[in-house]
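A.B. asks: Sharing a structure here in structure tokens format.
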Amino acid sequence: MSYRTIKSNKGSKTPGTYGKTINDIEKLSELELVTEIQNKLKNYRPQKVRRKLIEKDNGKLRPLGIPCILDRIIQQSFKQVLEPIVEAQLYNHSYGFRPLRSTHHAMAGVQSLINKASLHYVVDIDIKGFFDNINHTLLIKQLWNLGIQDKKVLACISKMLKAEIDGEGLLSPLLSNVVLNDLDQWVANQWEFFPLNKPFKSRVGELLAKKRTNLKEDYLVRYADDFKILCRDWRTAQKWYHDVRQYLKEHLKLEISLEKSRIINLRKHQSEFLGFTIRANKKRNKRVAHTGIKTNKKQKIKAEAKKHILKLNASPSSQNALLFNSFVLGIHNYFNRATHVNIEFSRLAYDLRTFMYNRLKSVGKYEHPSNPPPTYKKFYSLGFKTFKIANVYPKHLGGNDKFNNLRILHKEVHKLIHQTDKQTIDKLINKLGITMPMVKKINIYREQCGLELI
DNA sequence: ATCGGACTGAC
RNA sequence: CUUGUCAGUCCGAU
């Protein structure tokens, strides 16, 4: 139905080894396409994949397989069927590769656990070569347990898995969530979901009762294979470290990296997650999460910025200036969520200031912006001078921006944002006729409040 | 309201 | 230089 949803870009010129191009497919009639796919599925044999290399933190490169167009259509359709089934059963604090969830949601989850629950010990676990070491027969079993019990479907999936030995296809992100969901549930069952004999009226009351038991208090936050367990003290943290290691080994046949996995006391040291640094600093008599940008990331940003400035110096076209702007806005947009953005970005701007001035003074005018575009006004105050190149103002890294916390909302929608009871949430959604994009927006606000996503 | 182009991040 | 999934942002067109 929707092969158009598969992005093709300019990469449509890969005939021969990768089979049909997106242009070929658009020429086919619907019927021809369907028969083609049916033929392929009869004896499904995934074709070659192109590879993209992605750089990991430690500088190592790992391949990411990109299957040919026809396989992408097939895998996409598998995904569209499997996703809602799996999605409904996944753990709430698993954030990687899931619709409506992002890195920012994961970070917000960690921060609220530090701030609200005062959990300052974090168990960082790094699984050794996770994507390469997934146990296929186990995965098929896990899918079966989740309710996918069509043997033909499972056979196709297992063939796809075999073809993707050292890369991943479209649905391996989804499958990675299937594998690690067992871990999520196992961890959560020991505290969060642990049933008490007495029913409790309020969640606070239940929480207090749980604290009196000798269960290990903990919460897990996961983004794909990158996960943390937050605990209150060092002893429980250590217990978790060993328990999780054993669980992964026995039940999922996965090893952890002993060098990279460790327990961190956030009051003394910082942990890292999704490009951010995290620590728990003193604020009056409390401790709150302070987040910044990872140092190696900062260096990369500086290097990239310099590259962009040089390009702008070489050819000061409006196109390049706009390109530079989208680069800056992109970075801002991601790292805005850090509590220390202002400090981090001011330093970046300071380090780059002379470089930028020297390179741009010959190609642009240094002036107070006159009649700047609305996005410029939104982010930067007008009191400062900036460059003007080919009629556009390049944005600087490190604008001190005020936060827009004031929004006018519908009364019921406001209720929905702060609501924690699942039934009332569902009721409200039905009553107000909330659509997907609306849920997205509401989740943004819920993220800011540190609440669970809908 | 739709549909394109660009950029950022995580994997 | 080329390019997958998810999320976000900017710009443009009708």
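A.B. asks: Free of Cβ contacts under 8 Å to residues at least 12 places away in the same chain, open to solvent by 50 Å² or more (accessible area, probe 1.4 Å) and within 16 Å of RNA strand C (Cβ to nearest atom): does that describe A:LYS297?
C.D. replies: no
A.B. asks: So the check is Cβ under 7 Å with 6+ separation or different chains; which pairs have a first residue in the stretch A:329-357 that's within 11 Å of DNA strand B (Cβ to nearest atom) and a second one that's basic (Lys, Arg)?
C.D. replies: So the pair list comes out as A:LEU329/A:LYS395.
A.B. asks: Say we look at the stretch A:308-352 and pick out the residues that are part of a loop (DSSP other than H, G, I, E, B) and over 26 Å from A:VAL288 (Cα atoms); which of these is farthest from RNA strand C (Cβ to nearest atom)?
C.D. replies: It comes out as A:PRO316.
A.B. asks: Pull up the stretch A:259-282, narrow it to residues that are modelled with pLDDT of 90 or more and in a loop (DSSP other than H, G, I, E, B), then point me to the one that is nearest to A:LYS294 (Cα to Cα).
C.D. replies: Step by step, filter the stretch A:259-282, then rank; the result is A:GLY275.
A.B. asks: Another question, then. Among the residues of the stretch A:225-239, how many are in contact with a helix residue (DSSP H, G or I) (Cβ under 7 Å, 6 or more places away or on another chain) and open to solvent by 10 Å² or more (accessible area, probe 1.4 Å)?
C.D. replies: Adding up the residues that qualify gives 1.
A.B. asks: Find the residue count for the stretch A:92-110, including only residues that are buried (at least 21 other Cβ atoms within 10 Å of the Cβ), more than 11 Å from RNA strand C (Cβ to nearest atom) and part of a loop (DSSP other than H, G, I, E, B).
C.D. replies: 1
A.B. asks: Going through the stretch A:314-328 one residue at a time, which ones are farther than 15 Å from A:LYS388 by Cβ and either at pLDDT 85 or above or within 8 Å of DNA strand B (Cβ to nearest atom) (or both)?
C.D. replies: Passing the criteria: A:ALA314, A:LEU323, A:SER326, A:PHE327, A:VAL328.
The values are calculated or read from the model by the stated rules, or taken from the named source; none is laboratory data. The model shown is predicted, which means the values in this text are computed figures rather than measured ones. All Cβ positions, glycine included, derive from the backbone under ideal geometry; neighbour counts span all protein chains shown. We work out accessible area using only protein heavy atoms, side chains counted, and drop any ligands, DNA or RNA first. Shrake-Rupley method; radii C 1.70, N 1.55, O 1.52, S 1.80 Å.
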